[in-house]
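To start, the structure under review is shown below, and the notes come after it.
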Amino acid sequence: MQKIEHIGIAVDDIDKSNALFSKIFGKANYKSEIVESEGVITSFFKIGDSKIELVAATNSEGPIAKYLEKNREGMHHIAFDVEDIEKEMIRLKNEGVRILNEKPKQGADNKLVCFLHPKDTNGVLIELCQQIKH
Ligand code: ZN
């Protein structure tokens, strides 16, 4: 694993939270992207080298909708940049860490992503992401 790629915050209302975090960070988001397959809308802010991702549900079926049914808004996941996501998935499986999706998925921001099972990571939801190279 390399650096922290971003920190994800689950929010109920993307427009309200965009306005709120723009105020907090003193700058607007630099991109917003819907990930249809996950039923989410994301919004990214850059603070120096760090990125914050706001995530809200676009339908009631996706993982963020389910999360927000059971939890309040707030810190949701930490994402780490990896060079080769398939290789990392195999390495972690061999370490006994369960992975929530069998295959890497297309995430926001031109990334392949997967999530580790929070029961195997002290309750912290960890996302791995690999930049898609064209
Ligand atoms: Zn993320």
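Points worth noting:
- Members of the stretch 105-123 that are among the basic types (Lys, Arg) and either buried (at least 16 other Cβ atoms within 10 Å of the Cβ) or in contact (Cβ under 8 Å) with a residue 40 or more places away in the chain (or both): 105, 111
- Taking the criterion of being open to solvent by 60 Å² or more (accessible area, probe 1.4 Å) and at pLDDT 95 or above, the only residue of the stretch 35-46 that qualifies is 46.
- Only one of the listed residues (96, 74, 26, 8) is open to solvent by less than 50 Å² (accessible area, probe 1.4 Å), farther than 19 Å from residue 129 by Cα and modelled with pLDDT of 95 or more. That residue is 74.
- Residue count for the stretch 65-98, restricted to those that are away from the ligand (no atom under 15 Å from the Cβ) and within 19 Å of residue 1 (Cβ to Cβ): 15
- Selection count, the stretch 62-71, where residues are closer than 15 Å to residue 106 by Cα and open to solvent by less than 60 Å² (accessible area, probe 1.4 Å): 1
- Any hit, the stretch 49-61, residues being among the polar types (S, T, N, Q), surrounded by 12 or more Cβ atoms within 10 Å (Cβ to Cβ) and in contact with a helix residue (DSSP H, G or I) (Cβ under 6 Å, 6 or more places away or on another chain): no
The values are calculated or read from the model by the stated rules, or taken from the named source; none is laboratory data. The structure displayed is predicted, hence computed values, not measured ones. Glycine gets a Cβ as well: all are built from the backbone with ideal geometry, and neighbour counts include every protein chain shown. Remember, those area values only see protein heavy atoms, side chains included, never the ligands or the DNA or RNA. Shrake-Rupley method; radii C 1.70, N 1.55, O 1.52, S 1.80 Å.
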